[in-house]
Amino acid sequence: MKVILLGDIRGVGRRFGIKEVSEGYARNFLLPRGLAKIGDKESLRKLQIAHAIKEKEDETRKKRLQEIARTISDITLEFVLASGERGLLFGSVTKEAILKTLRDKKVIGAERVDVLLSHPLKEVGSYKITIDLKMGIVATLAVMIRPQSYPVADIRRSAILFFLLIFLFSV
């Protein structure tokens, strides 16, 4: 009996696949559980129409993702974080921070993307990050991390207060 699978079934086939199975297996297991439907001419025609629609949607989605990949490759995200003397950050730039910034800048919307970052960035500098947009489309994003600059007057004032407090408490 010819059936159209409505889901992935281990040992039988993948979703929307057309398979020839024994009549007993189809009538006693696949059909009652809603895992397949009978592969008559009408169902096969509907399946072909659904495949054509899905291919068209995939094509437009792929074009959109390629457009996003070009945009991502052209921009540089800049993060300004507090850091110590040796360039180590007091925080870090994570996958989530990069995704949030891309969404805030309206570069990506609801698309599922993966930021391929093995560990959070914890040092000042520039980095090239790989972004996987799915469907075989990958983009490279430039990320720049700069230390937060403090006004010199504030630093001097803080240093003077610090030494004044040390002097007062040591006396």
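The values are calculated or read from the model by the stated rules, or taken from the named source; none is laboratory data. What you see is a predicted model; the values in this text were computed from it and never measured. As a convention, Cβ positions derive from the backbone with ideal geometry for all residues, glycine included, and neighbour counts pool all protein chains shown.
A few points about this structure:
- Qualifying residue in region 120-134 (condition: assigned to a loop (DSSP other than H, G, I, E, B), within 30 Å of ASP8 (Cβ to Cβ) and modelled with pLDDT under 90): yes
- Selection from region 85-113 of residues that are modelled with pLDDT of 80 or more and in a loop (DSSP other than H, G, I, E, B): THR94, LYS105, LYS106, VAL107, ILE108, GLY109, ALA110, ARG112, VAL113
- Qualifying residue in region 2-13 (condition: touching a residue at least 12 places away in the same chain (Cβ under 8 Å) and under 30 Å from LEU141 (Cα atoms)): no
- Residue ranges of strands (runs of 3 or more DSSP E) in region 7-83 with at least 1 members under 26 Å from the mean Cα position of the chain (by Cα) and modelled with pLDDT under 90: 76-81
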